[in-house]
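Rule-based calculations on the coordinates, nothing more; no lab input. Here the structure is a predicted model, which means the values were calculated and not measured. Here the Cβ positions follow ideal geometry from the backbone for every residue, glycine too, while neighbour counts run over all protein chains shown.
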Amino acid sequence: MKIAVTYDNGMIFQHFGHTSEFKIYEIEDGKIINEEVVSTMGSGHGALAGFLAMNNVNVLICGGIGGGAQTALAQAGIKLFGGVSGSADSAVNAYLCGELDFNPDVKCSHHAHEHAEGHTCGSHGCGSHKCH
């Protein structure tokens, strides 16, 4: 099994469609046997589901994510755990222990407006990155 996490300097990047890197963990018998940081090569939004599928990813852990990307992931057979923040490594370990705190109803709803004050990605703000 492979788990991908939107990644930025050890932390979970909070906007799936703008992530420039994923950390991909290879899991065997419930343990991490390999991990690597891979560049998305400039891919964004819907193309990222295909990128993950080409890398044989089964599970995605991320912060905020829009509805279109969620649909693309579902069509690719990738299980989504969104609305997660903090350390990427800690999130994967929590997932493996069955203790990952995630939001099953995560939505990144800013696509319909021009980043009005208080826009949110999942249950978190977008953090310090620029969404556009």
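Looking at the range 77-102, which of its residues are among the small types (Gly, Ala, Ser) and either buried (at least 16 other Cβ atoms within 10 Å of the Cβ) or without any contact (Cβ under 8 Å) to a residue 12 or more places away in the chain (or both)?
GLY82, GLY83, SER85, ALA88, SER90, ALA91, ALA94, GLY98
Given the conditions (1) surrounded by fewer than 17 Cβ atoms within 10 Å (Cβ to Cβ); (2) farther than 16 Å from PHE16 by Cα, which single one is not true for GLY68?
With respect to (1) surrounded by fewer than 17 Cβ atoms within 10 Å (Cβ to Cβ); (2) farther than 16 Å from PHE16 by Cα, GLY68 is out only on (2).
Residues that are polar (S, T, N, Q), at least 1 per element: which helices (runs of 4 or more DSSP H) completely within the range 1-98 meet that?
On the way: elements: 47-54, 67-75, 88-96.
Correct list: 67-75, 88-96.
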